[in-house]
Amino acid sequence: MILVTGATGLSGSAILREFTRQGVPLRALFRNPHRARQFEGFGGVELVEGDMLRPESLTAAFRGVERVLMISSARERMVETQCVFIDAARVAGVPYIVKYSGKESGVGFDPDSFRGTREHVQIERYLEASGLAWTHLRPSQFMQLYLPGALTGVDARRRELRLPIGDSRLAPVDIEDIAKVAVALMRSNGHEGKAYDMTGPEALSMKEAVEQISEATGTAFRYVDVPPEGKVREFEDSGMPGPVIQILNELFAERSRRTESHVRLETHRAFDVEPTRFIDFARRNAKAFLG
Ligand SMILES: NC(=O)c1ccc[n+]([C@@H]2O[C@H](COP(=O)([O-])OP(=O)(O)OC[C@H]3O[C@@H](n4cnc5c(N)ncnc54)[C@H](OP(=O)(O)O)[C@@H]3O)[C@@H](O)[C@H]2O)c1
């Protein structure tokens, strides 16, 4: 049996849809019954309630499980959540965890300089030392983060992408590509002890990304390189919690320090997944970009 955690989130829900599309049965962990309702009627998905931070709540979830795809949120005590979960899995006799990790694709990127990647590295090390078999799946920035409503997405009303990252280039990846890779990885053997980095097929400046959104929607959008303090004020005015603003600020500082990004498509190729171009992602989501 395959167990997927974080199933109600952005990545997890796409991965669940892909498992269902391929007709592969799985078990999905949820902690909020309201959010799990989106999977009602999904064939082959066994929904089990549990909290990754409370091992005693995970007994039913771990029963008969041979491999876990471990996902949780970067915004919520990620290190504690995943390390407690790894210990609980080991005690329950689960032999293998695939960690849904994260990695920036920049030249000279220092994983210590941004909390998100620093925490993923910490959890990867913990999993590697746990005695369990492991694999790390490390996507770069998600294309879905450019959509309106995402923390760093376009402002659909103003037709603007407002970020303090200058001319830096990023190589975002479509979550639908990651979902295809994740399902292929969970269904096949021989991945233990390996790390799979993946980006999208192009390193784009924000100006170029916005040009592609304009082309896909037939509507002019523009990139506004706002100063960091201006962006913080926008976040504060929107009611965003302080700790989330702090993480984003650190991310922007890291991203504006460098200008290039590596494109890494080996993982797409290894799992025979066609890399989605940003323009095709934007065309698929044209309505959403218009708000
Ligand atoms: N953003 C990026 O560009 C990017 C790039 C690469 C990697 N990543 C990594 O990808 C991972 C997933 O991100 P995402 O944005 O897809 O996730 P997300 O939308 O924030 O969803 C997180 C999921 O984890 C669940 N969860 C959190 N704590 C839990 C707990 N204690 N017990 C049970 N479930 C719990 C949430 O459940 P609820 O529905 O109950 O809240 C939700 O289903 C993160 O680790 C992030 O660092 C992100």
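The values are calculated or read from the model by the stated rules, or taken from the named source; none is laboratory data. Computed from a predicted structure; not experimentally measured. Don't worry about glycine lacking a Cβ; one is built from the backbone with ideal geometry, like all the others, and counts go over all protein chains shown. Areas reflect the complete protein model, heavy atoms only, side chains present, ligands, DNA and RNA absent. Shrake-Rupley method; radii C 1.70, N 1.55, O 1.52, S 1.80 Å.
Taking the listed residues Lys194, Lys180, Lys231, the one that is among the basic types (Lys, Arg) and under 19 Å from Arg158 (Cβ atoms) is Lys231, with no other qualifying. Among residues of segment 21-34 that are aromatic (Phe, Trp, Tyr), those with a beta-carbon under 9 Å from a residue that is assigned to a strand (DSSP E or B) at least six positions away or on a different chain give the pairs Phe30/Leu47; Phe30/Val48; Phe30/Glu49. Scanning segment 18-31 for residues that are within 14 Å of the ligand (Cβ to nearest atom) and either modelled with pLDDT under 95 or over 26 Å from Arg77 (Cα atoms) (or both) yields one hit, Glu18. Whether a residue is touching a Pro at 6+ places or on another chain (Cβ under 6 Å), surrounded by 17 or more Cβ atoms within 10 Å (Cβ to Cβ) and closer than 28 Å to Pro275 by Cα was assessed, and Thr117 passes this test. Going residue by residue through segment 244-256, is there one that turns out to be buried (at least 16 other Cβ atoms within 10 Å of the Cβ), in contact with a helix residue (DSSP H, G or I) (Cβ under 6 Å, 6 or more places away or on another chain) and at pLDDT 95 or above? The answer is no; no qualifying residue exists. Filtered by the rule that a residue be in contact (Cβ under 8 Å) with a residue 60 or more places away in the chain and aromatic (Phe, Trp, Tyr), segment 134-162 gives Phe142, Tyr146.
Among the residues of segment 159-183, those that are over 17 Å from Glu18 (Cβ atoms), outside any loop (DSSP other than H, G, I, E, B) and among the basic types (Lys, Arg) comprise Arg162, Arg169.
For segment 55-67, check the following and say yes or no: at least one residue is assigned to a helix (DSSP H, G or I), in contact with a helix residue (DSSP H, G or I) (Cβ under 8 Å, 6 or more places away or on another chain) and within 14 Å of the ligand (Cβ to nearest atom). Give the derivation first.
Step one: of segment 55-67, the residues assigned to a helix (DSSP H, G or I) are 55-57, 59-62.
If we keep only those that are in contact with a helix residue (DSSP H, G or I) (Cβ under 8 Å, 6 or more places away or on another chain) too, we end up with 55, 62.
With within 14 Å of the ligand (Cβ to nearest atom) added as a condition, the list becomes 55, 62.
The answer is yes; a qualifying residue exists.
Of the residues Arg21, Arg31, Arg54, the single one that is basic (Lys, Arg), more than 20 Å from Leu185 (Cβ to Cβ) and surrounded by fewer than 15 Cβ atoms within 10 Å (Cβ to Cβ) is Arg54.
Within segment 197-209, residues that are assigned to a loop (DSSP other than H, G, I, E, B) sit with their Cβ atoms under 6 Å from residues that are small (Gly, Ala, Ser), at 6+ positions apart or across chains, in these pairs: Thr199/Ser105; Thr199/Ser140; Thr199/Ala171; Gly200/Ala171; Ala203/Ala171; Ala203/Ser261.
The sole residue among Gly6, Gly44 that is of a type outside the set (D, E, K, R) and loosely packed, with under 14 Cβ neighbours inside 10 Å is Gly44. Does at least one position in segment 80-90 carry a residue that is open to solvent by 30 Å² or more (accessible area, probe 1.4 Å), within 13 Å of the ligand (Cβ to nearest atom) and farther than 17 Å from Leu132 by Cβ? Yes, the conditions are met somewhere in segment 80-90. For segment 226-265, residues that are under 29 Å from Tyr196 (Cα atoms) and assigned to a loop (DSSP other than H, G, I, E, B) total 7. Residues of segment 14-27 that are under 16 Å from Glu46 (Cβ atoms) and in a helix (DSSP H, G or I): Ile15, Leu16, Arg17, Phe19, Thr20.
Under the condition of being more than 23 Å from the chain's Cα centre (by Cα) and modelled with pLDDT of 95 or more, the residues counted in segment 158-168 number 3. Each residue in segment 118-137 was checked for being within 15 Å of the ligand (Cβ to nearest atom) and either in a helix (DSSP H, G or I) or among the hydrophobic types (A, V, I, L, M, F, W, C) (or both), and 10 of them qualify.
Would you be able to tell me the number of residues in segment 138-158 that are outside any helix (DSSP H, G or I) and within 9 Å of the ligand (Cβ to nearest atom)? If you could, list the steps in order and put the result at the bottom.
First, the residues of segment 138-158 that are outside any helix (DSSP H, G or I): 138-142, 147-158.
Subsequent filtering for residues that are within 9 Å of the ligand (Cβ to nearest atom) retains 138-142, 150-152.
Matching residues across segment 138-158 total 8.
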